[in-house]
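As structure tokens, the structure follows; a few thoughts come after it.
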Amino acid sequence: MSSWEGKSKGNKLGYSIFIGTLRYGGVLPAYVLLRFVAAYYFLFSYSSSRPIFQYFRTRVGYSWWRSLISLYRNYYIFGQVLIDKVVVMSGIKNKFTFEFDGEHYLREITTAGRGGIMLSAHLGNWEVAGHLFSRLETRINIVMFDGEHERIKKYLSSVTGERNVNIIVIKDDLSHIYAINDALSNQELVCMHADRFLKGNKTVTVPFMGADARFPAGPFLLASTFRVPVSLVFAFKETATHYHLYATQPREYHGRRRQGVENAVQDFVGELEGMVRKYPEQWFNYYDFWEMPEEK
């Protein structure tokens, strides 16, 4: 299936073990423990390993052996990203440093007094970027599927505390549209991923990494409908302790709605492909992203 199933991997016991290690030993011991966890997923998680291995082979163009090594590194970096998220959000002592290309673009949006939209993807460490956006001195609203298990969410909240952002949950009754409208009317920033969709959602098919892929139409439709500045934002782990954040120059998508959607999709996919090729091992969509449905 080429659509995301709406749930994240992991369980409460696994999170508690890593958080205990972080509290009493710090980041580096947690990274050491992570090597064994990454090896387990590398060896036994066929459902997620197969599409990521094929991604390295067919989309990135790696050899068989390099794809195999990159598969393990992908699991390991993903684990680091999860650990770093907890560390940054909970205030655990760390040596992380950050470089931000394009922060002035986001400040342009906030000072314009119109609100704005930030689009990103499951690439790199969005949670770290979102946490640092607090220094923009405006309210941040993150639009997301309510896909995590409730027990894990409550446990993580007890460790990291309440986020300094407002969460807008996507619901079938479309109430999230009104919440987004209210946020933009209040001159706030709205952040959302634009690479995953649930089965039954409207999608847009465009070439990406050498083959057609489907992207959710919703984020681009919102960008075209509300006609506020849109910036594409990403954050990547470059070393064990250093992150590089990127934000593009804001653009507004005017004109007829369909044309606005097409322009927004093309801009997003073009920027996304450039970032994937620059940081190929930080692609964290663990399903067949390029699988297309058979024509009836």
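The values are calculated or read from the model by the stated rules, or taken from the named source; none is laboratory data. Predicted model, so just to flag it, every value in this text is computed and none were measured. Counting neighbours? That spans all protein chains shown, and the Cβs are built from the backbone with ideal geometry, glycine included. Surface accessibility is based on the protein's heavy atoms, side chains included, excluding ligands, DNA and RNA. Shrake-Rupley method; radii C 1.70, N 1.55, O 1.52, S 1.80 Å.
Descriptive notes on the structure:
- The listed residues Ile109, Ile69 rank as Ile69, Ile109 when sorted by accessible area, largest first, using a 1.4 Å probe.
- Take 172-178, 121-127, 207-213 and order them by the average number of nearby Cβ atoms within 10 Å per residue, most first; the result is 121-127, 207-213, 172-178.
- Using the Cβ-Cβ distance between Leu174 and His104 with R0 set to 35 Å, the FRET efficiency from 1/(1 + (r/R0)^6) comes to roughly 0.50.
- Modelled spin labels at Gln249 and Tyr40, positioned 7 Å past Cα toward Cβ, are 4.8 nm from each other.
- Size descriptors for the range 227-296, from the alpha-carbon set: Rg then Dmax equal 15.5, 50 Å.
- Accessible carbon and sulfur surface of the range 34-98 relative to its total accessible area, %, 1.4 Å: 61 percent
- FRET efficiency for the pair Asn186 and Lys93, taken as 1/(1 + (r/R0)^6) with r the Cβ-Cβ distance and R0 = 35 Å, rounds to 0.50.
- Fraction of the pair-distance distribution of the range 231-271 above 12 Å, Cα-Cα pairs, percent: 66 percent
- Too-long pairs where the Cα-Cα distance tops 31 Å, listed order kept, from Lys85/Lys278; Lys202/Lys278; Lys95/Lys278; Lys93/Lys171; Lys93/Lys278: Lys93/Lys171
- Subtracting the Cα-Cα distance of Ser63 and Leu28 from their residue separation scaled by 0.36 nm leaves 9.5 nm.
- Principal semi-axes of the equivalent ellipsoid, √(5λ) from the alpha carbon gyration tensor of the range 165-269, are 22, 20, 16 Å from largest down.
- Applying a DSSP loop filter and a limit of 10 other Cβ atoms within 10 Å to the trypsin sites (Lys or Arg not before Pro) in the range 167-226 leaves Lys199, Lys202.
- Cut-off under 5 Å, modelled amide H: who pairs with Phe208 long-range: Ala213
- Taking Lys and Arg as +1 and Asp and Glu as -1, the other residues whose beta-carbon sits under 13 Å from that of Arg114 total -2.
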